[in-house]
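Student: Next up is a structure, given as structure tokens.
The values are calculated or read from the model by the stated rules, or taken from the named source; none is laboratory data. The structure displayed is predicted, hence computed values, not measured ones. Ideal geometry is used to build each Cβ from the backbone, glycine not excepted, and the neighbour counts take in all protein chains shown. Heavy atoms of the whole protein, side chains included, go into the accessibility calculation; ligands, DNA and RNA do not. Shrake-Rupley method; radii C 1.70, N 1.55, O 1.52, S 1.80 Å.
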Amino acid sequence: SILLTIVALIIWSYSITQAKLKIGFYGLIHSFPEIFFVALSILTIASAILWTSKERQEKLLLLQLCFLVISLWLSPLIVGGSQPSPGSAYHFSNLTEHIVREGHFYQEAHMHYNWPGALILYATLTEVLGDLSHLNTMVKLAPFLLQLSFLPFIYLFLRNMLGENRKNWCWAGLWIFELGNWLSQSYLSEQSIG
């Protein structure tokens, strides 16, 4: 499994250097060469070997899962594109900027959003960092960061459901979650942060 993980990392790294930003019928998938998908297949096999192991392999499984999340959610940014962010992500940034500038919500934000905690949290982070220029970067990185933030909670849920004996299977559940979580809810928005 370790050897396959290393091979997958080497092939993936090479495939990223060969990728060209090209949007086709299926989106950014046309940007990546075939060996990108070979690398992800090898990584999946490497992880599947550990899912059925009797020994706990949590560190290597965590490394493999992080590699998968990076491959799926940061590759578009590395290639030169961006994560698709709906217009509401930029609206979220606008509302946050207003809180930072004025110190309160304006009426539209109060009427339409029932989760103001996300706006307040992001406004606080913006105040601590002392700069509003990073809003666009945050909108682009939000899908990746949100995917990472989902994982501990799903892991705890799966560990409690599957029991202590099947800890390695929890990682298989996380893997399936990452492969299947393509709803457009992972962007800078109140519901994602909520």
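Student: Somewhere in the stretch 108-119, is a residue more than 22 Å from the chain's Cα centre (by Cα), of a type in the set (D, E), modelled with pLDDT of 75 or more and more than 18 Å from L145 (Cα to Cα)?
Tutor: Within the stretch 108-119, none of the residues are more than 22 Å from the chain's Cα centre (by Cα), of a type in the set (D, E), modelled with pLDDT of 75 or more and more than 18 Å from L145 (Cα to Cα).
Here is a yes/no grid of residues against (1) within 20 Å of I176 (Cα to Cα); (2) at pLDDT below 90; (3) open to solvent by 70 Å² or more (accessible area, probe 1.4 Å); (4) part of a loop (DSSP other than H, G, I, E, B):
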position	(1), (2), (3), (4)
Y14	no, no, yes, no
K22	no, yes, yes, yes
I35	no, no, no, no
A39	yes, no, no, no
I45	yes, no, yes, no
L60	yes, no, no, no
F67	yes, no, no, no
P76	no, yes, no, no
P84	no, yes, yes, yes
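Student: Could you grab the pairs with beta carbons closer than 7 Å, sequence gap of 6+ or different chains, first residue in the stretch 161-177 and among the polar types (S, T, N, Q), second one buried (at least 16 other Cβ atoms within 10 Å of the Cβ)?
Tutor: Matching pairs, first to second residue: N168/L50; N168/W51; N168/Q57; N168/L61.
Student: Can you tell me which of E190, E164, E127 is closer than 30 Å to E55 by Cα and modelled with pLDDT under 80?
Tutor: E164
Student: Here is a follow-up. Would you mind finding the one in T52, T96 that is modelled with pLDDT under 90 and touching a Ser or Thr at 6+ places or on another chain (Cβ under 8 Å)?
Tutor: Only one candidate qualifies: T96.
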